[in-house]
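Working notes, beginning with the structure itself.
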Amino acid sequence: MPKARLIDGKLAAEEIRGQTAAAAQRILAERGFPPGLAVIILGEHAASRAYVRTKTRMAAAAGFLSRQFDLPRETSESELLALIDKLNRTPEIDGIMVQLHLPPQVRTAAVIEAIAPEKDVDGFHAVNGGRLLAASPGQQSAGFVPCTPWGCQMLLRRELRNLAGREAVVVGRSNIVGKPMALLLLNENCTVTLAHSHTRELASVCRRADILVAAVGRPEFVRGDWVKQGAIVLDVGINRIAGEGGTSQLVGDVAFAEAVERAGAITPVPGGIGPMTVACLLANTALAACRRSSLELPAFALAPHADGPWA
Ligand code: GUN
């Protein structure tokens with residue numbers, strides 16, 4: 001059997017970033033200032049800092065106003081809420097994202113709910129969650145979709161003409177990935193199973209999947225023999241593990257070397273889903289700018305089916 005085709009998330013993300021850069025130019029021309037993104041991070045966690053720097057740098061490269069707020073780990077909840085309140089009222093800022101996870105003195109739910117829903121480009125606010133839940137099959141959400149599952153949906157659209165009727169299994173039920181991913185797949189007319197730590201016979205549940213999304217945050221948790229022959233496997237995990245000779249290595253939530261022997265197509269780690277998350281953050285920010293300024297929405301917001309109108 002041939003090995004799985006690799007799904008090039010880097011290439012797809014470059015295309016989307018190109019589209020957002022074009023949208024940014026139009027937004028600047030039409031309203032006099034570009035899309036603005038504010039990224040907030042607390043603490044010194046090296047990997048999170050690097051990740052946030054990438055988001056800020058890519059936003060600037062796409063022609064956005066890009067502002068990064070590096071706050072100390074000891075920042076109080078009220079200080080953080082005061083900054084969010086100020087950014088909510090800053091006209092040049094269209095999108096606000098606070099990098100998770102937050103230190104224990106700050107309640108994550110309070111922070112997420114403090115961001116104005118129309119600037120919540122992470123799509124984590126309950127209003128945006130509700131809008132995704134309320135979208136009918138074939139309709140795009142009227143709010144903001146969380147970036148990682150939206151990136152997964154875009155990659156699936158590139159792989160398959162139409163997702164309707166496919167068996168989709170999502171492993172992991174986080175608010176950031178698993179839950180919104182299941183809703184997006186449902187809206188694509190897939191038959192969806194949302195599996196989690198209490199799911200019985202997980203391996204055989206996964207073997208049903210034409211589309212398998214792994215988002216559990218555990219290195220190489222999904223084994224190769226859980227993958228149906230020819231399935232599309234999206235690996236959302238980014239786990240740093242100890243490699244040989246004191247080095248460290250990035251691995252996903254899927255045992256790649258095993259899964260590549262059975263899948264039809266699979267995302268690598270790195271270079272699969274990760275770049276799509278950043279690209280979708282920029283896409284959401286351009287979308288927020290258009291909505292806030294009543295401008296025509298960018299084409300990527302319309303998410304048409306490969307077949308034409310949504311079925
Ligand atoms: N931490 C891990 N992924 C994400 C994300 O997509 N957004 C935010 N804000 N924090 C994260």
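Every number in this text was worked out from the coordinates using simple rules, so none of it is lab data. Being a predicted model, the structure only gives us computed values, none of them experimental. Glycine gets a Cβ as well: all are built from the backbone with ideal geometry, and neighbour counts include every protein chain shown.
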Task: the chain, relative contact order [Cα under 8 Å, separation at least 6], % - done: 22
Open item on the list: Cut-off is 10 Å between beta-carbons; in what order do 75, 54 appear when sorted fewest neighbours first?
Closed with: 54, 75
TODO: Taking the Cα centre of the chain as origin, work out the dipole magnitude from +1 charges on Lys and Arg Cβ and -1 charges on Asp and Glu Cβ, in debye rounded to 20.
DONE: 200
TODO: For region 194-311, restrict the atom set to alpha-carbon positions and state the Rg and Dmax in Å.
DONE: 17.9, 56
- [ ] Only loop residues by DSSP count here, and only those with at most 11 other Cβ atoms within 10 Å; note down the trypsin sites (Lys or Arg not before Pro) in region 71-106 that meet that.
- [x] 89
Task: Dipole of the chain [Lys/Arg +1, Asp/Glu -1 at C-beta], most positive-end residue of 221, 37, 191 - done: 191
TODO: Show which lysines lie in cross-link reach of residue 55 when reach means a straight Cα distance below 26 angstrom and same-chain residues fewer than eight apart are skipped.
DONE: 10, 86, 119, 179
- [ ] For each of 280, 290, count neighbouring Cβ atoms within 10 Å of the residue's Cβ, then give the residues from fewest to most.
- [x] 290, 280
Open item on the list: Could you work out the relative contact order of region 1-128? I mean the mean sequence separation of Cα pairs under 8 Å and 6+ apart, divided by the number of residues, in percent.
Closed with: 25
Open item on the list: Around residue 147, under 12 Å between beta carbons, what's the net of Lys plus Arg minus Asp minus Glu among the other residues?
Closed with: -1
Task: Residue among 277, 98, 169 farthest towards the positive dipole end of the chain, charges placed on Cβ - done: 169
Task: Residue-count net charge about residue 282 - beta-carbon cut-off 9 Å; Lys, Arg +1, Asp, Glu -1 - done: +2
Task: Three-way shape call for region 1-140 based on the alpha-carbon gyration tensor, with the a/c threshold at 1.5 - done: rounded
